[in-house]
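In what follows, a structure is listed as structure tokens, so that the remarks can point back to it.
The values are calculated or read from the model by the stated rules, or taken from the named source; none is laboratory data. The structure presented is a predicted model; accordingly, all values stated were derived computationally and were not measured. So basically every Cβ, Gly included, is an ideal-geometry build from the backbone, and we count neighbours across all protein chains shown. Heads up: the accessible areas ignore ligands, DNA and RNA and are worked out on the full protein's heavy atoms, side chains in. Shrake-Rupley method; radii C 1.70, N 1.55, O 1.52, S 1.80 Å.
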Amino acid sequence: MSLCKELTEIAHYSVMKKEVDSFLKPDKPGQIFLDATTGEGGHSEWFLKNYPDLGVVCLDADEDIMCVAKKRLELYGERVVFFNEWFNIFLKNYPSNLERPDRILFDLGVSMFHYERADRGFSFRSNEKLDMRLDETLEISAADIVNSYPQKELANIIFEYGEERYSRSIAEAIVKIRKKKLIEASDELAEVIWNAVPVSYRHGRIHPATRTFQALRIAVNGELARLREALGAAVSVLKLGGKIGVITFHSLEDRIVKQYFRDLARECICAANTPICICRGIKVAEILTRKPAVPSGEEIEENHASRSSKLRVIQKVNEL
């Protein structure tokens, strides 16, 4: 059930607003900015406030967090429209009555809203139901994975999506505990992980449950597959000359974005051992960030969570 009436307070800090602005600011009046991961609306608010003739399309799969964004952006009236939908699905089925965007932004970070207010088990420091669905209509929750997946599959998820070196030990510990009782709360799972790893690992740079929780969230929401699909769809709907920016927060996302952008910027996609080009490849995009933009030291000091963020940007120069 939606909590729209209760959710009005802003919890999240949107990263690299100035860097995003420097690459994605409009260069003509009346352009369209598509915020593919609106969250609480921080980036959208920045663009609406600074560019009075800009139209903004806001997407988010989470109905509750979109309530916060709608409240925050209501003073901009008809300049902003909202769609409660996954970005890959929306972009693949872009509405025919909606103008194609000139700018698209993906901010792939998880909002502080989900850690502090969603009550869905994103935080391992709280006693919350182990859920982790960004869209509550999804069938499989984190609890389903933790309590029913075979040990080997569980270990593979933790290793592949969390890059967790103790994935096998953690999966073994989870299976051992769930034989006695179901693991239903986020802090219960965090305790299992804490006890499953070496003592030396418990007091490292990050909490030992961080990578496992990341892996479960990615698996539950299909985040990497959605990202791959969304990038291609975004390039297709983007106007010629338009720009796409993607903010990533971990290496798995960044690797996908970096490689896809490189592929778009190549004129030839033939195999390296092909003596003569036969693909008739056309360069689709120009990479505007040879090295990703990163937050300033001042921003990192103000918001420590921004430290791992990277911004990559391309400009579309040919249709797909």
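Shape annotation for the stretch 241-320: C-alpha extents along the principal axes are 52, 28, 15 Å, from largest to smallest. Accessible area per residue was computed with a 1.4 Å probe on protein heavy atoms; H203 scores about 140 Å². By accessible area, using a 1.4 Å probe on protein heavy atoms only, the stretch 112-252 has 49% of its surface on carbon and sulfur. Applying the criteria of a DSSP loop state and at most 14 other Cβ atoms within 10 Å to the trypsin sites (Lys or Arg not before Pro) of the stretch 119-210 yields R125, R165, K179, K180, K181, R205. Using the Cβ-Cβ distance between Y201 and K176 with R0 set to 22 Å, the FRET efficiency from 1/(1 + (r/R0)^6) comes to roughly 0.75. Rounded to the nearest 10 degrees, the angle from helix 223-237 to the longest Cα principal axis of the chain is 10 degrees.
Taking a threshold of 19 Å on the Cα-Cα distance, which of the pairs K152/K176; K152/K179; K71/K243; K243/K310; K258/K291; K28/K283 fall above it? Flagged as over cut-off: K71/K243; K28/K283.
Overall, the chain carries a charge dipole of about 1120 debye about its Cα centre when +1 sits on the Cβ of Lys and Arg and -1 on the Cβ of Asp and Glu, all other atoms neutral. Across the options A293, Q259, A271, the greatest Cα extent toward the positive end of the charge dipole of the stretch 245-301 (unit charges at beta carbon of Lys, Arg, Asp, Glu) belongs to A271.
Helix 210-221 versus the longest principal axis of the chain: what is the Cα-based angle in degrees, 0 to 90, to the nearest 10? With rounding to tens, the tilt is 60 degrees. The long axis of helix 167-178 is offset from the longest Cα principal axis of the chain by roughly 50 degrees.
Here the accessible area of the stretch 9-77 is 50 percent carbon and sulfur, with a 1.4 angstrom probe and all protein chains present.
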